[in-house]
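Here is the structure we will look at, set down as structure tokens.
The values are calculated or read from the model by the stated rules, or taken from the named source; none is laboratory data. Being a predicted model, the structure only gives us computed values, none of them experimental. Cβ coordinates were reconstructed from backbone atoms using ideal geometry, including for glycine residues, and neighbour counts include every protein chain displayed. Surface areas here come from the heavy atoms of the whole protein model, side chains and all, with no ligands, DNA or RNA. Shrake-Rupley method; radii C 1.70, N 1.55, O 1.52, S 1.80 Å.
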Amino acid sequence: MSTTRIVVTGIGATSPIGGTAPESWSALLDGVSGTRTLEHDWVEKYDLPVTFAAEAMVRPETVLARPLAKRLDPSSQLAMVAAMEAWEDAGSPEVDPERLGVDFATGIGGVWTLLDAWDTLREKGPRRVMPMTVPMLMPNAAAGNLSLHFGARAFARTVASACASSTESIVNAVEHLQDGLADIVIAGGTESAVHPITIASFASMQALSRRNDSPETASRPASIDRDGFVMGEGAGVLILETEEHAKARGAKIYATVVGGGVTADSYHITANDPEGTGAARAVRMALKAADASPDDVTHINAHATSTPVGDPNEYTALRTVFGERVDEIPVSATKASTGHLLGGTGALEAIFTILAIRDRQAPPTINLTEQDPAVPFRLSGSTIPLGDGPQLAISNSFGFGGHNAVVAFASV
């Protein structure tokens, strides 16, 4: 096992509750909900059963230069906005291009580009389909464009593991840094899939909340009356580097990435294992890599999507690892505020986890009405102090296909 320490030196985010990482964090602490009624004509046109989602608060095309925005799908636009913020936050480091890598993720990719092109083909014919359609819709578009923009030549890799995607990309980045393949890695994930086809299909499988009359309270993890998740949109980016490299250039350090775990359930294409075996193994792998025990963990950012089945299954998995102590650890279920960013959610929640241990406070979980006895996490509608000692926190992500990914961060 490598002894090379990996640190976080920059963060960037664009989310349903803020246009930057600091804005998103501040809104999260204030209990803001990013879920709103959708104001698009296609909601009524297709008579969608769910009329709300958590769209990015700041549209990326208003932030990026117009020529750049025009050649990117919305998912890549969001990735670029978050990455530019993270890079500047890290001090715009000077690095040999062949020592700079990209580990990035998406769950769905350029769905808007793909389906807009299909509409163009049907309505106007093949000559009107844009030449840039494939480079915009491909799942690796975000990683490729970040590599081009920042001059990263070590590698530009893409993970597509549904809702576990960007947590897995962070774990991969740590391994690539420890293997000596780069000195700095731009890691994270993005998603822009608030589209009629995805809303219709998720609604068809009974996965989405249908609280059309109260969208801001629709995502309510661990509440006994939860009825599904809320589609979210956004991106999160971490600048990761070896501790040696960070200290040599005098970089500020947010946290140390001390471990990660990636497993598969091999149980069902959409449902997670009710015994939580794969999820528990991923947690144990992360703690083993951190050379830590379950007793060392001071905070958990739960996957907690607000689905009737998923939330208790996650509790079962964590109880397997932590025993009765799981009921004492401060837990945050931040999708209550942001909705579920699918492939981007793990990176955004990793940022929230890092800031929680930096500021020594677990963010609130809003919309917690009557807590389900089957999900007795230590959640609160207000922040929970984490204490003055060393902090070790984990962030969980689980996805369709049976993907499980967990990353552990320690305070500095």
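Ranked by the mean number of other Cβ atoms within 10 Å of their residues, highest first, the peptides 183-195, 275-287 fall in the order 183-195, 275-287. Of the peptides 145-154, 123-132, 328-337, the ranking by mean beta-carbon count within 10 Å, highest at the top, reads 328-337, 145-154, 123-132.
Rolling a 1.4 Å probe over the protein heavy atoms gives the chain an accessible area of 39 Å² per residue. For GLY232, the residues whose amide H sits under 5 Å from its own are ALA54, HIS340, LEU341, LEU342, ignoring neighbours fewer than 5 places away on the same chain, with H placed 1.01 Å from N.
Among the listed pairs LYS45/LYS335; LYS124/LYS335; LYS70/LYS252; LYS45/LYS124, those with a Cα-Cα distance over 30 Å are LYS124/LYS335; LYS70/LYS252. Each label was represented as a point 7 Å from its Cα along the Cα-to-Cβ direction; for LEU68 and ARG358 these points are 2.2 nm apart.
Using the crude model of +1 on Lys and Arg Cβ and -1 on Asp and Glu Cβ, and no other charge, please compute the dipole size for the chain relative to its Cα centre, in debye to 20.
Taking the Cα centre of the chain as origin, the dipole is about 760 debye.
When ASP103, ASP273 are compared by accessible area of protein heavy atoms, the largest-first order is ASP273, ASP103, using a 1.4 Å probe. Normalised by the number of residues in the range 275-412, the mean separation of alpha-carbon contacts (under 8 Å, six or more apart) gives a relative contact order of 32 percent. Among rounded, prolate and oblate, which fits the range 45-188 when a ≥ b ≥ c are the square roots of the eigenvalues of its C-alpha gyration tensor, a/c under 1.5 means rounded, and a/b larger than b/c means prolate? The shape class here is prolate. Each peptide in 215-222, 135-142, 104-111, 92-99 receives the mean, over its residues, of other Cβ atoms within 10 Å, and ordering these scores from highest gives 104-111, 215-222, 135-142, 92-99.
Helical runs (DSSP H, four residues minimum) scored at -39500 (n - 2.57) apiece and divided by the length of the chain put the mean residue ellipticity at 222 nm at -10000 deg cm²/dmol.
Which lysines have a Cα less than 28 Å from the Cα of LYS247, not counting those fewer than 8 places away in the same chain? Reachable lysines: LYS288. Annotation: extensible slack from ALA264 through GLN371 equals 35.6 nm (criterion: 0.36 nm per residue apart, minus Cα-Cα distance). Simple rule: put +1 on each Lys or Arg Cβ and -1 on each Asp or Glu Cβ in the range 42-100, find the dipole, and look at PRO97, PRO74, MET84; the Cα lying farthest toward the positive end is PRO74. Among the protein heavy atoms of the chain, carbon and sulfur supply 51% of the accessible surface, probe 1.4 Å, non-protein parts ignored.
Determine the shape class of the range 232-303: with a ≥ b ≥ c the square roots of the Cα gyration tensor eigenvalues, call it rounded for a/c under 1.5, and otherwise prolate if a/b is greater than b/c, oblate otherwise. Cα axes put the range 232-303 in the prolate bin. Remark: the Cα gyration tensor places the range 303-412 in the rounded category, a/c being less than 1.5.
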